[in-house]
Each structure stands twice: as structure tokens, then as C-alpha cells.
1. Taking 30 Å as R0, compute the FRET efficiency from the Cβ-Cβ separation of GLN60 and TYR155 and round it to 0.05.
2. Pick from THR67, THR28, THR94 the residue whose mean-square fluctuation is largest in a GNM of the chain, springs joining Cα atoms under 10 Å.
3. Of the listed peptides 157-165, 38-46, what is their order by residue-averaged count of other C-beta atoms within 10 Å, with the highest listed first?
4. Per residue of segment 139-146, what does 6.51 cos²θ - 1.76 cosθ + 1.60 with θ = phi - 60° give for ³J(HN,Hα)? Whole Hz please, x for Gly and Pro, Karplus curve as stated.
5. Mean residue ellipticity at 222 nm from the helices of the chain, using -39,500 (n - 2.57) per DSSP H segment of n ≥ 4 over the full residue count, to the nearest 500 deg cm²/dmol?
6. Name the residue, out of VAL104, VAL119, VAL69, whose mean-square fluctuation peaks in a Gaussian network model built on the chain with Cα pairs under 10 Å.
7. Using Cα springs under 10 Å in a Gaussian network model of the chain, which residue among LEU63, LEU85, LEU148 shows the largest mean-square fluctuation?
8. I need the phi-derived Karplus couplings for segment 68-85: 6.51 cos²θ - 1.76 cosθ + 1.60, θ = phi - 60°, integer Hz, Gly and Pro marked x.
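Since every read-out is calculated from the coordinates, none of them should be taken as a lab result. Please read these numbers as outputs of a predicted model, since none were measured by experiment. FYI the Cβ positions are ideal-geometry reconstructions off the backbone, even for glycines, and counts take in every protein chain you see.
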Amino acid sequence: MKFAIILIGMTVFTQAAQAGANGLAAPTGPVVLEVHGNIGRTNTEGGARFDMDMLKTLPQRELETSTTVTDGVRRFDGFLMRDLLALVEADGETVTAIALNDYVIDIPADDFTRFDVIVAFEMDGDALHVNDKGPLWIVYPRDDHRELQDIRYDYRWVWQLYRLEIR
């Protein structure tokens with residue numbers, strides 16, 4: 001009986017260590033996204049870091065929409081921003097999105113509950129790369145809501161996304 005308890009204890013300890021103190025696993029590949037600020041689940045000091053494989057474990061979504069920077073309707077594959085925010089237990093009214101090219105914008109957190117905003121990692125079946133809006137791009141369902149066809153929302157389409165700050 002003692003052996004079984006020790007084995008169970010070791011298994012729980014190993015799973016906790018792999019998942020981090022607050023339940024998020026540590027990335028094993030190159031980090032493509034960091035989330036900091038008012039979050040309840042982390043895997044590094046003061047934040048959560050994700051590699052692409054971790055992000056691809058979130059429920060996947062497909063979105064077809066036009067953009068102001070591409071021709072025609074495009075198909076984007078990724079995950080809902082609200083699913084990522086729920087995963088890290090984000091608690092804030094503003095999400096500051098920061099891109100590799102130093103673009104920074106504050107986005108109202110309620111955008112992600114009002115609209116099916118995705119963080120895309122593919123466009124038309126091809127992975128997004130740094131030299132073409134990637135590896136991550138915040139994409140709004142522009143064609144599904146007339147109000148999203150406004151320049152105020154166009155500024156919130158952050159390509160080369162690499163960091164989110166929750167406030």
C-alpha cells in the first residue's frame with residue numbers, strides 16, 4: 001500500500017512539474033507568444049509562454065473574411081482569442097497587443113466575447129511567416145459584422161503578434 005501511495009504521489013508531482021505551478025506546461029519549442037499581466041495561470045515568472053504546438057492544442061477555428069491588406073476573401077486558421085484568454089485565466093478590461101515590428105495597440109477585452117476574433121497561424125492553408133504577417137495574426141470576422149468594417153477595428157488586426165499584456 002505504501003508503494004502505491006508513493007507512486008501516485010510521484011506521478012502527481014511529475015505532472016505538476018511538467019505543467020508548471022499553475023497548471024500550464026512549459027514550451028518545448030521556440031516561444032511564439034507571451035501573455036503577461038493580470039492572468040491566473042502561468043508557466044514562467046509573471047507570465048505564460050507558448051510555442052506553436054501548445055497553441056495548436058486550443059480548439060481550432062476557421063474564418064473566411066476579407067482584409068484591408070490582402071486581395072479578396074481569405075481563409076484563416078487559428079484559435080479564438082477568448083479561448084487563449086480563458087486558458088490563462090485573464091482578468092482585465094484591456095488587452096495590449098504587441099507585434100515584432102514594435103506596433104502596439106490597446107484592444108477592449110470585450111471584443112473577444114462580442115466577436116469570434118481568432119489568432120491565425122495559417123492563411124489559405126499556408127503557415128504565416130514573419131516576412132508575411134506571421135507567425136501569428138489577430139483576425140476579426142470583418143465580413144460577418146458591418147460595424148467591423150471601420151478603421152478603428154482595422155487597427156486591431158495585429159500581425160507579427162508576439163506578446164499580450166492583460167490589464
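1. Step by step, r from the Cβ atoms, then E = 0.70.
2. Largest GNM mean-square fluctuation: THR28.
3. 157-165, 38-46
4. 10, 8, x, 3, 7, 8, 9, 4
5. Computed mean residue ellipticity for the chain: -5500 deg cm²/dmol.
6. VAL69
7. LEU148
8. Those phi angles translate into 8, 10, 9, 8, x, 7, 10, 9, 10, 10, x, 9, 5, 4, 4, 5, 5, 5 Hz.
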